[in-house]
1. Starting from the amide H of residue B:330, placed 1.01 Å from N in the peptide plane, find each other amide H under 5 Å away whose residue is 5 or more places distant or on another chain.
2. Restricting to lysine pairs 8 or more places apart or on different chains, what number in the protein assembly as shown have Cα atoms under 26 Å apart?
3. Give me the percent of DSSP beta bridges within the protein assembly as shown that run antiparallel, rounded to the nearest 5.
4. Order the following by accessible area, largest value first: A:89, A:252. Probe radius 1.4 Å; ligands, DNA and RNA are ignored.
5. Take each of the peptides B:130-136, A:105-111, B:154-160, average the number of other beta-carbon atoms within 10 Å over its residues, and list them starting from the highest.
6. In percent, how large is the relative contact order of the range B:238-358, given Cα pairs closer than 8 Å and 6 or more residues apart?
7. How big is the dipole moment of the protein assembly as shown about its Cα centre under a simple scheme where the beta carbon of each Lys and Arg is +1, that of each Asp and Glu is -1, and everything else is neutral? Debye, nearest 20, please.
8. Between residue B:81 and residues 5 or more places away or on another chain, which pairs have amide H atoms under 5 Å apart, with H built 1.01 Å from N, and which residues are they?
Amino acid sequence: MRLKTIAPHIILVLFACYIALPPLWVLRTSFVPDSVAYQPALMPEFTWQNYVKLFTEGTFARAYLNSFIASAGATILGLPLAAMTGYAFARYRTGGQISRFVVLATQMLPPVAIILPVFALFRMVGLTNSVTGLMIAYAAINLPFLTWILMGFFEGVPIELEWAAQVDGATVWEAFWKIVMPVSLPGIAAAAVLGFILAWNEFLFALILTGPTTATIPVALAGLQSSNGVQIAEISAGVVMGILPMLLASRFIQRYLVRGLTFGAVK
Amino acid sequence: MADIELRNVSKRYTGRVAAVEDVNLHIRDGEFMIFLGPSGCGKSTTLRMIAGLENISSGELFIGGKRMNDVAPRDRNIAVVFQSYALYPHMTVAENLAFGLKMHKRPQSEIEERVKRVSAMLGIGQFLERKPAALSGGQRQRVALGRALVRDPAAFLLDEPLSNLDAQLRADMRLELVKLHRQLGSTIIHVTHDQVEAMTMGERICIMKDGRVVQVGAPLDVYRNPANTFVAGFLASPPMNLIEARLTGEGDGLWVEAGAMRLQVPAAYREAYRAYVDKPVIFGIRAEDIHAHQAQPDWQALDADVVALETLGAEVVLVMGISGIARADIAARLGRDYRAQIGSRQQLYADLAEMQLFDPQTTNAIPRPQP
């Protein structure tokens, strides 16, 4: 009997360790000097130096800012477009099932397949080596995904709300912006955070489209593996700093995903 | 205020049967009209076409004499109360009430004045700063009604507004809506599948089935003269008893025969029904026209096998079978003190003064003089 209750817990603990240990080890490595980083000891020596170095030397601080501008910009740019597209799909069945599938199909394309044409296009209009260019690229790449998410949210908004608004004197456009959008706020917030995370973590486009001053966090971290060797402690500090905003964002998204604002509108 | 007229209005969705077919209806200015029918009969679709929320596939719609087919909902000056209330969840009650007026760009002072007046009228003044989620079902219902009232529209379209309320509240709101109509005198179309609402609230009832209008008339008129077996069976609870029978003639007299039942047709109807002698008919008799005691000499005895007794307090509904008749759910409304053993045979008395005969082929009522 005891074994029956203990065995599942042992398996669960093992799996928990399997998932949690690598990031925890990264956290540990970010607080030890580079020279002893590879030692198996839990905490041979404690230091803040990796973080200090990361932000005072090199381009990491700049990369942090670039990442933020590109990700936030892409979200601000892409979200309204995704909202309108998703609404059209949800409410008017625009293009039928086929167009819905096409939107999803773009996500099945490996990024490598489009990076070269994008690079060629961007070079033509002078958008390579610029955060603005990256922002535009991210907005475009995330658009289908955000559209898909928001479509689901809009489908959950009772059509009677829009009807009520239209009868009350709103145009279809006003009903969308004054009623549907505020009611879908939790969904829009969730989509915004997801879009931000996708852009924040993106590596390939950032690597190809940016230069030393316009690099984002993933590219800057890759740059720390220099000819002097892998600066593992500093990379760990960079990884921790890179994850931090996402950790905060995931708390936010959780709260919004759970909260159903439409409750009370209908019965 | 305005009258509403539908001329040959149809609604077809691509690849499906018509949802509404060739509806012709004139709702008079200031009339309280009920759309009654089972779910899926097209009554809500018709309402939405009047509101402009659905396109009219063919036919014409006039509100206040103006053709409205291509006019946007906001320019039709009508208000709709939805079954789900459809209150804007992110706005307070006051904002919900004011939304329509703001959309129509009314001055702020006027908006405040009207919101105040309507909320006082409906007794929701103390909830103005609350969000809909913090209101009870009945309160939400009032806010939805208030949102319609505040705009002072030409007509009100109510799409089953009472069906989410509990029985007591529904009865209260029924009365209140009728009172409101008397007070405002505006045109109201009330969609419902509840025959009690239909009978008690409307000045006229429009009964729909499968997208078509089956009968239009004053509640009592429709009740006493159903156009076909569908109306007879739908309006009222228990519905009119419909029994497959045969009409026979003997000398001057006519008889309705089914199994052991043999009832003489009143003299006044003989001429009207004579063409159906020796033909199958559907005999319709209301539950309240079957009595426990013979109070009138022309009431005719009827042997009934008691299947069930539903004691409702104010009355007893006797469910019975008649030997030789397949169906055993013939209902009679009897006095509250009536008692009988289940399974026993009882003698009851049928009053045929309001009987109906229906043609089994068309299911339409066979015309007869008014009682």
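1. Hits under the 5 Å cutoff: B:320.
2. Taking the Cα cut-off of 26 Å, the pair count is 24.
3. On the way: 58 of 76 bridges.
Roughly 75 percent of the beta bridges in the protein assembly as shown run antiparallel, per DSSP.
4. Values: A:89 20, A:252 85 Å².
The most accessible residue leads, giving A:252, A:89.
5. Details: B:130-136: 16.6, A:105-111: 10.7, B:154-160: 24.0.
Sorting B:130-136, A:105-111, B:154-160 by mean packing, highest first, produces B:154-160, B:130-136, A:105-111.
6. Working: 272 pairs, mean separation 35.2, N = 121.
Across the range B:238-358, relative contact order equals 29 percent.
7. Charge dipole of the protein assembly as shown: 1660 debye, to the nearest 20.
8. B:157, B:158, B:159
The values are calculated or read from the model by the stated rules, or taken from the named source; none is laboratory data. Predicted model, so just to flag it, every value in this text is computed and none were measured. Note that each Cβ is placed from the backbone with ideal geometry, even for glycine, and that neighbours are counted across all protein chains shown. We work out accessible area using only protein heavy atoms, side chains counted, and drop any ligands, DNA or RNA first. Shrake-Rupley method; radii C 1.70, N 1.55, O 1.52, S 1.80 Å.
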